[in-house]
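First the structure, in the form of structure tokens, and then the observations on it.
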Amino acid sequence: VSQSRYASYDPGWRPITNLLSSTSDSNWMQRYQGMRLFVRGSKGEGLSYASYTPSATTLTMKGNLNQGNQVVYMSKGSTSGQDYNLLGNPYASPVDIGTIAYNAKVSGNMVGAAVYVWNPYMATSGIFQAIPVNTVAAAPYYLEANGAFEIRAAHNGDSLVFTESSKSANVTTSLVKAIPVYCIVTGK
């Protein structure tokens, strides 16, 4: 499920109906867009509302890896609360979102005192966890590969800049069941 960051109104959570680019479907996955993915086992499991034990599931991705600087643009709607952007880590490695958000805050590209990550281990079934961002010094927070976060744009068109030096082999906290092992990919 995704929150649209391109709409001039707040549509809330919507199902993604198309993962491929299409001019006829405005609800396709956008580059850098974050998503909330709920895996309940193999395809079709858990749809009957009956008790079950989910089977192991492997998700496969394909495509070109992002390398070099990645500039991610944000949008801000015209009314209160429309400045939240759900964005994804653009790299296939953990990234220091704490320092990236700090740089955005200092340059005036972000409002609010935190970025938010979905933590499935908090509360009964998970909540957005606030990761504080201050203007005194950067506080590193390493977001996993394929992780998403919410950040509030100060103005429409403001950006976040991800650099190769933002990558890390560390994670601050695991937001998935098993901690993956990462390696840093540089060059071509």
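The values are calculated or read from the model by the stated rules, or taken from the named source; none is laboratory data. These numbers come from a predicted model, not from an experiment. Ideal geometry is used to build each Cβ from the backbone, glycine not excepted, and the neighbour counts take in all protein chains shown. Protein only, heavy atoms only, side chains kept; ligands, DNA and RNA dropped before computing areas. Shrake-Rupley method; radii C 1.70, N 1.55, O 1.52, S 1.80 Å.
Observations
- Of all residues in region 38-59, those that are more than 20 Å from residue 126 (Cα to Cα) have Cβ atoms under 8 Å from Cβ atoms of residues that are acidic (Asp, Glu) and part of a loop (DSSP other than H, G, I, E, B), 6 or more apart or on another chain, in 52/45; 55/45.
- Taken together, 104, 130, 123, 148 contain a single residue that is in contact with a strand residue (DSSP E or B) (Cβ under 8 Å, 6 or more places away or on another chain) and surrounded by fewer than 19 Cβ atoms within 10 Å (Cβ to Cβ), which is 130.
- If you go through region 151-170 and keep only what is under 24 Å from residue 83 (Cβ atoms), aliphatic (A, V, I, L, M) and surrounded by fewer than 19 Cβ atoms within 10 Å (Cβ to Cβ), you end up with 154, 161.
- Entry remark, region 63-83: residues being within 14 Å of residue 32 (Cα to Cα) and surrounded by fewer than 21 Cβ atoms within 10 Å (Cβ to Cβ) number 11 in total.
- When restricted to residues that are without any contact (Cβ under 8 Å) to a residue 40 or more places away in the chain and β-branched (Val, Ile, Thr), region 91-133 contains 6.
- Condition check for residue 57: open to solvent by 40 Å² or more (accessible area, probe 1.4 Å), at negative phi, touching a Ser or Thr at 6+ places or on another chain (Cβ under 7 Å) and part of a loop (DSSP other than H, G, I, E, B): yes
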